[in-house]
Amino acid sequence: MISLTIDNKPVEVEEGKTILQAAKKVGVDIPTFCWHEKLKILGGCRVCLVEVEKAHKLMIACNTPVTQGMVVWTNTPKVIKAGKGIVEFLLINHPLDCPTCDKGGECDLQEITFKYGTDKSRFVEEKRRYIIDKTSTFDDLRIGPQVIRNQNRCIYCLKCIRFLKEIAGEYDMGAFMRGWRSEINILPAVPISNVYSGNTVEICPVGALTAKSWRYLIRPWTASKVKSICPFCGDGCNLTLWARLNKLYRGTSRRNDKVDEGFICDKGRWGYDVVGHPERIKSPWVKKNGKLVESNWEEAYSLLISKLIEIKEKYGPKALAGFGSERATNEDNYIFQKFFRTILGSNNLDFREKTKKVLPSPALFEYSQVYTMTNSIEGIEKAKTILIFGSDLNSEHPIISLRVRKSVLREENGASLLIANPKKIKFSSMAEKELVYKFGTEGFLINALLKIILDEKLFSSKVSQEQIDMLGKNLEKYPLSKLSEITGIEEEEIKDFSKKIASSESLMVFCGRWISESPQAEAIIRGFNNLLLTTGKWGEKYSGFNLLWENNNSQGALDMGLLPDRLPGFVPVEDEVGRERLEKIWNSSIPRERGLNYNEILLGINAEKIKGLYIMGQDPVESFPDRKYIEDTLKKLDFLVVQDIFLTESAKLADVVLPAASFAEKEGTFTNVERRVQKLCRALAPPGQAKSDWEIICELSTLMGHKQHYTSAFQITEEIAQVSPIYGGIKADRLDDCGIQWPCLNLNDLGTTELLPENFLNKTSQLVPVDFEEVPVDNEYPFILLTGSLAHHSGKLTNKSSNLCSIVPEGFCQINPQDAEKLNLKTGEEVLVESPKGKIKIKVKMDEYVNPGTVFIPLNFMEIKVNVLLDKDKLVDRVRLSKAG
Ligand code: SF4
Ligand code: SF4
Ligand code: FES
């Protein structure tokens, strides 16, 4: 350790730290402009000058390493004079327009001038001006859908472009010209629209970059700042919501180094306007004479209760089912399942609406069945080899992607990046090896990789020969040449990839939506278990299997027991001891048999066994992979209730619609993909008569004669801790800093960063042969249809964000240029996409990242009803394309 003094304050820091870092440690304030903790040091602005005893000149604190016995002064006359000089220089050309600048009140230049600057300027010449429009006073230039530049205010700290280059790997903004003519700009007609663009606005220390959506709407000191969590993807970035007079004005990052390191994607930053959308439902609606009409709580509750009781009495509790939500809080989902189990008496519960074949419910510590991240987001930085399999990680998980990039670009022994996907992704250019397989053949690819590991004896000595022989025998069914033909990948490529995996020191696997939503997901996950076991990676440091759920609280919905066969904490419904323990806590009985899962519930409706369905916070008509089937099915119900923030397509079919609060209007917790439970607070009151989901269910329960005692969501958090051992130590007031990762067994437990129980290998050292279904060829429908999400959108929710729609406004279909040429199609033209199930018209975009013979259509746009093309029973959907007439 190095000892030094700063302004007479003794401080000890590690060798290699700078004076600035040491000063921060003892609370000495040194002004900075170009320095940022997460960026490389530039040392350009010189505002951080300090005096160091025995040094001949002033030193910049941000780039001067500490030395033993160093004596530093930050407030001597020499330092003060230098600081005033720097600020005076910066103000030579900077317009003194604080009253009309959107950054006023949170501007570093304003703050530093006030603290350290001078109130006189000796500069009497005309200021430099970048005139954009001679009729405007402001010289603003819109350089992207959401980013506005005013170059007059730029102090050339280069933080914006350094962030883009160093952290995000984006190059759509740069520094142009030299000397006093230097400017930050985009290339002509190429607006900045990368998914991290909003961070440039936040990182800019002055008003040179401002946000179109919120500029001039509020002054920062007039808004209340509320801690929240992003509701758009499973990464769980921390947000600050800025509200005033019950209106949301902006969302900014709230640094949590365990998750986001202070950077968020544009979806999380600009998507807040969904909350204030004019189409939010503000009161209950009930169906009268076949039409939904606005109503009130009294009428809605009374109808709801009478119908639920009627169905229960007439057909029994099993005739009722509930769909919960991957977007609702843990508290909402917990109360929902408790209501169903204890008051309605039904285990027919699920939330997995997007999947063709739902995964079996997970069991803790049986790795082949743990559907979560076993590693942590922070731990990705230490990975040696990263395998992305079946995921457009850049679009699905923008902030996890930044960690992967950081790991790969690590100065010492950067991680190797391996990718296997049905199409190329943005990370493709960084991959050491990449395989692009035919969609639907991922299981065969895993078996092909395993086959090489066995044939070339690359397996670990930890695995018994007996197990290896058993697995090898199963793999004999397909020769490598056949596996190569099925997957569309050359034999040599498979061999090279396999050898990379086997020779890697450790392996972190990341699977995304093309795995989690595959009808073969369970077998694929077992395949990965085989791969990790045979190569000896399971249990090794920096190894793990990570299933990345797409939505913000998919993990929480699983944990809360929104499943037909698992109670909160993954306790099997049929486990008598576990069930009885819960019955005691709940003071109520729980049905003993497992209920029906999502698809079984739909079958049950068609078989007239399920008569009443309660949907909380999801829209199956838009998201279930067979639109006609789900519409027809929902129409067969005796009674449908939908609780949501908008009058969704599913809600339009309901008998009762209840208005719910959005994430910004309630408190509670979300659990992100790495099992981190995080707290969100309420920034606004819900619109009109809307209420939090848990409040609605509690009121309903009370009216049904089961009085509920909760007065806040965090009381429910406490009950969850009592009920679910893995949440045992999770209390709202422990979540203020950075959240806690489960398992967290008690109040002294800090949580579990890496899910690697000591005795784990004993339990899972079994290799299980897995077989996969071949994808049939269909000459009538020659194209494979691949669907997914775009980086700027989240399901269909962000369709309601005009900010995000200004960046990516409409749906399209990506096809390979070779296919476009054959079909005589050009970018922007309309194509007719037909499947055996239905057809849609959509604009074409040529994209070399899509394989010939494959079509990619994002699922994010209301007007493009992609799910009319999908077949819930097919492994892979196929389509044909023709120029639209
Ligand atoms: S635009 Fe802002 S962040 Fe970028 S160089 Fe100028 S002052 Fe710095
Ligand atoms: S959408 Fe995901 S990556 Fe983007 S800010 Fe929200 S949680 Fe973070
Ligand atoms: S902050 Fe030290 S030189 Fe800019």
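The values are calculated or read from the model by the stated rules, or taken from the named source; none is laboratory data. No experiment lies behind these values; they were computed from the predicted model shown. Positions of Cβ are backbone-derived with ideal geometry, glycine not excepted, and every protein chain shown enters the neighbour counts.
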Are there any pairs, at least 6 apart or on different chains, whose C-beta atoms fall under 6 Å, with the first in region 61-76 and within 11 Å of residue 3 (Cα to Cα) and the second assigned to a loop (DSSP other than H, G, I, E, B), and if so, which? 66/17; 71/53
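Please count how many residues of region 260-276 are in a helix (DSSP H, G or I), in contact (Cβ under 8 Å) with a residue 40 or more places away in the chain and not hydroxyl-bearing (Ser, Thr, Tyr). Reasoning before the result, please.
Taking region 260-276 first, the residues in a helix (DSSP H, G or I) are 266-274.
This time we only want the ones that are in contact (Cβ under 8 Å) with a residue 40 or more places away in the chain, so: 266-267, 269-274.
Applying the additional criterion that residues be not hydroxyl-bearing (Ser, Thr, Tyr) yields 266-267, 269-271, 273-274.
Adding up the residues that qualify gives 7.
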Would you mind telling me which numbered condition in (1) more than 14 Å from ligand 3 (Cβ to nearest atom); (2) in a loop (DSSP other than H, G, I, E, B); (3) touching a strand residue (DSSP E or B) at 6+ places or on another chain (Cβ under 6 Å) residue 12 fails? (2)
Go through region 448-460 and give me each residue that's farther than 16 Å from residue 527 by Cβ and either more than 38 Å from the chain's Cα centre (by Cα) or assigned to a helix (DSSP H, G or I) (or both). 455, 456, 457
Restricting region 170-201 to residues that are in contact (Cβ under 8 Å) with a residue 60 or more places away in the chain and in contact with a Ser or Thr (Cβ under 9 Å, 6 or more places away or on another chain), the one nearest to ligand 1 (Cβ to nearest atom) turns out to be 199
Anything in region 587-608 that is surrounded by fewer than 14 Cβ atoms within 10 Å (Cβ to Cβ) and either in contact (Cβ under 8 Å) with a residue 24 or more places away in the chain or touching a strand residue (DSSP E or B) at 6+ places or on another chain (Cβ under 8 Å) (or both)? List them, or say none. 589, 593, 606, 608
Search region 15-56 for residues being out of contact with any helix residue (DSSP H, G or I) (no Cβ under 9 Å at 6 or more places or on another chain) and aliphatic (A, V, I, L, M), and hand back the single one that is nearest to ligand 3 (Cβ to nearest atom). 55
Restricting attention to region 424-455, report how many residues are surrounded by fewer than 22 Cβ atoms within 10 Å (Cβ to Cβ), under 19 Å from residue 851 (Cβ atoms) and among the charged types (D, E, K, R). 5
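For every residue, the table says whether it meets (1) touching a Lys or Arg at 6+ places or on another chain (Cβ under 8 Å); (2) surrounded by 17 or more Cβ atoms within 10 Å (Cβ to Cβ); (3) outside any helix (DSSP H, G or I).
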| residue | (1), (2), (3) |
| --- | --- |
| 462 | no, no, yes |
| 467 | no, yes, no |
| 483 | yes, yes, no |
| 500 | yes, yes, no |
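Taking the options 393, 417, 344, name whichever one is farther than 21 Å from residue 437 by Cβ and either crowded, with 22+ Cβ neighbours inside 10 Å or assigned by TED's automatic domain parsing to the domain that holds residue 442 (or both).
Numbers: 393 fails: farther than 21 Å from residue 437 by Cβ; 417 fails: farther than 21 Å from residue 437 by Cβ.
Among 393, 417, 344, only 344 is farther than 21 Å from residue 437 by Cβ and either crowded, with 22+ Cβ neighbours inside 10 Å or assigned by TED's automatic domain parsing to the domain that holds residue 442 (or both).
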Does at least one position in region 239-254 carry a residue that is within 16 Å of ligand 1 (Cβ to nearest atom) and assigned by TED's automatic domain parsing to the domain that holds residue 146? yes
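If the requirement is being at pLDDT below 95 and surrounded by fewer than 24 Cβ atoms within 10 Å (Cβ to Cβ), which of these qualifies: 584, 541?
Numbers: 584 fails: at pLDDT below 95.
Exactly one residue qualifies, and that residue is 541.
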Restricting attention to region 710-737, which residues are aromatic (Phe, Trp, Tyr) and surrounded by fewer than 22 Cβ atoms within 10 Å (Cβ to Cβ)? 710, 714
Of those in region 203-249 that are within 26 Å of the chain's Cα centre (by Cα) and aromatic (Phe, Trp, Tyr), the residue surrounded by the most Cβ atoms within 10 Å (Cβ to Cβ) is 232
Hey, any hits in region 767-784 for a residue that's surrounded by fewer than 16 Cβ atoms within 10 Å (Cβ to Cβ) and part of a helix (DSSP H, G or I)? no
Restricting to region 851-885, and then to whatever is touching a helix residue (DSSP H, G or I) at 6+ places or on another chain (Cβ under 8 Å) and either without any contact (Cβ under 8 Å) to a residue 24 or more places away in the chain or basic (Lys, Arg) (or both), can you tell me which residue is surrounded by the fewest Cβ atoms within 10 Å (Cβ to Cβ)? 865
Single unsatisfied condition, residue 155 versus (1) within 13 Å of ligand 1 (Cβ to nearest atom); (2) closer than 26 Å to residue 806 by Cα; (3) among the β-branched types (Val, Ile, Thr): (2)
Could you say whether any residue in region 277-297 is without any contact (Cβ under 8 Å) to a residue 40 or more places away in the chain, in contact with a Ser or Thr (Cβ under 6 Å, 6 or more places away or on another chain) and either more than 30 Å from residue 698 (Cβ to Cβ) or surrounded by fewer than 17 Cβ atoms within 10 Å (Cβ to Cβ) (or both)? yes
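Take region 247-259 and flag every residue that is touching a residue at least 24 places away in the same chain (Cβ under 8 Å) and more than 12 Å from ligand 2 (Cβ to nearest atom). Can you show your working first?
Keep residues of region 247-259 that are touching a residue at least 24 places away in the same chain (Cβ under 8 Å), which gives 247-250, 252-254, 256-259.
Passing the criteria: 247, 248, 249, 250, 257, 258.
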Report, ordered by the first and then the second residue, all pairs with beta carbons closer than 8 Å, sequence separation of six or more or different chains, a first member in region 224-246 that is free of Cβ contacts under 8 Å to residues at least 40 places away in the same chain, and a second member that is within 16 Å of ligand 3 (Cβ to nearest atom) and part of a loop (DSSP other than H, G, I, E, B). none
Going residue by residue through region 842-865, is there one that turns out to be farther than 30 Å from residue 211 by Cβ, part of a loop (DSSP other than H, G, I, E, B) and among the β-branched types (Val, Ile, Thr)? yes
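Rundown of residues vs (1) within 16 Å of ligand 1 (Cβ to nearest atom); (2) at pLDDT below 95; (3) surrounded by fewer than 18 Cβ atoms within 10 Å (Cβ to Cβ), yes/no style:
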residue	(1), (2), (3)
26	no, no, yes
41	yes, no, yes
62	yes, no, no
68	no, no, yes
89	yes, yes, yes
93	yes, yes, no
